[in-house]
Structures are given as structure tokens and as C-alpha cells.
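Structure first, then comments.
The values are calculated or read from the model by the stated rules, or taken from the named source; none is laboratory data. Predicted model only: the values in this text are computed from it and were never measured. Here Cβ is always computed from backbone atoms with ideal geometry, including for glycine, and neighbour counts include all displayed protein chains. For the accessible areas, the whole protein counts, side chains as well, though only heavy atoms, and no ligand, DNA or RNA atoms are used. Shrake-Rupley method; radii C 1.70, N 1.55, O 1.52, S 1.80 Å.
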Amino acid sequence: MDISFDIIDGKKGDQLRIALSYYDSEILSHFSSDLLTLTLVFYDVTLVRESGKGYVGYKMLYAVSETLAKFMNENEDAILCFYCDAMTDLKRNHAAISPQEYRSRLFSRMFDKFTKDHQINKYTNHSVRIEVDDNPLNSQFAHFICRKEHESAVEKIETILKDIDK
């Protein structure tokens, strides 16, 4: 089941699409036999900029967090998975770090600020750094947003991700 949400800022002409793609539990069963992990619903989260130029503004990023928090409130067994890669560069004000690390930090701050502002403390934003070829510039970053009671399943997935890379 794929789901998408559009966020539009009419003044600036920005439009972001949040696409959630469901991970088939049968695929997960090839990597884990943990019952909790297999009963949860994992969604790959993709942010697509449909229109706009320059930096994506704070207002738009905050709206992304609001949309994701609402989705999590409505779907108790959902785990949101973000993957930050180096496939495309992006305009950023911190050129000393890689694009994927910048995306990772930006995403974490964006979601953490939203949950703090709204006194939401039932979620955890679990960040995973995956070293590639012992080169920090090739490191990849994944994030899992889940309810605190599901964090042990996310930690198992983290172990699997790090083992696959070796």
C-alpha cells in the first residue's frame, strides 16, 4: 500500500510530496525471525520536491513533521524509515559535511523540534550511520521513527543493516 501527502506553500510556489511505500513483511522475514519486528508495518519515506527553487523553507519542513506525526498517531504499528544517500547533492549552508549527513541532521532536527514543540514524547527518532568502504564520505544514514515500545525491533533492524554492509 503506497500513500502520499502533498504539502504546498502557495506564496513561495513550493510543493513537497511525502510518499510512503509499504515494506512487504515477507521480505523482512528473510532477515529477521523476531515476532515483534514481523508484526510491525515498515514504510519507506521519500520526500520529493515537486516544485520550488532554493532552500526548502522551515514552514515546509515543519509541515512534513506534522504530517508524519499525524500518520504515526493514526497507525500504531507503523515504523517510518528514511534513507539519506549521496546520490544527489543539494544546496546546503554546511558544505563541510556530506549531503547525506546534512539530510540526516536536518531531518532529525526537524522531527525532534516538532515533537518537542507539541510535547509529543511517545516516539523515538532512531538514527543509524552505515559506514561504507571505511570512507566517512561514503557513509549512509537511515532513520526510523517508531513508538518507544517498538524501539527494540528497530535496534534489531539496525544490527541487520550493519551486518549486511560488512
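For the reader, a short list of remarks on this structure follows.
- Of the numbered criteria (1) open to solvent by 40 Å² or more (accessible area, probe 1.4 Å); (2) under 23 Å from residue 23 (Cβ atoms); (3) at pLDDT below 75, the one residue 90 fails is (2).
- Of all residues making up the stretch 17-41, the number that are touching a helix residue (DSSP H, G or I) at 6+ places or on another chain (Cβ under 7 Å) and at pLDDT below 90: 10
- Near pairs, Cβ below 7 angstrom, 6+ apart or cross-chain, from the stretch 120-136 (under 16 Å from residue 105 (Cα atoms) and open to solvent by less than 80 Å² (accessible area, probe 1.4 Å)) to any residue that is at pLDDT below 80 and assigned to a strand (DSSP E or B): 130/139; 130/140
- Counting the residues of the stretch 139-156 that are open to solvent by 60 Å² or more (accessible area, probe 1.4 Å) and out of contact with any helix residue (DSSP H, G or I) (no Cβ under 8 Å at 6 or more places or on another chain) gives 3.
- Pairs are defined by a Cβ separation below 8 Å, a sequence spacing of at least 6 or placement on different chains, a first member in the stretch 43-62 that is closer than 14 Å to residue 106 by Cβ, and a second member that is acidic (Asp, Glu) and loosely packed, with under 13 Cβ neighbours inside 10 Å; no pair meets this definition.
- Number of residues in the stretch 54-75 that are surrounded by 14 or more Cβ atoms within 10 Å (Cβ to Cβ), among the small types (Gly, Ala, Ser) and either within 20 Å of residue 150 (Cα to Cα) or modelled with pLDDT under 85 (or both): the value is 3.
- Flag if residue 98 is at pLDDT below 80 and in contact with a helix residue (DSSP H, G or I) (Cβ under 8 Å, 6 or more places away or on another chain): no
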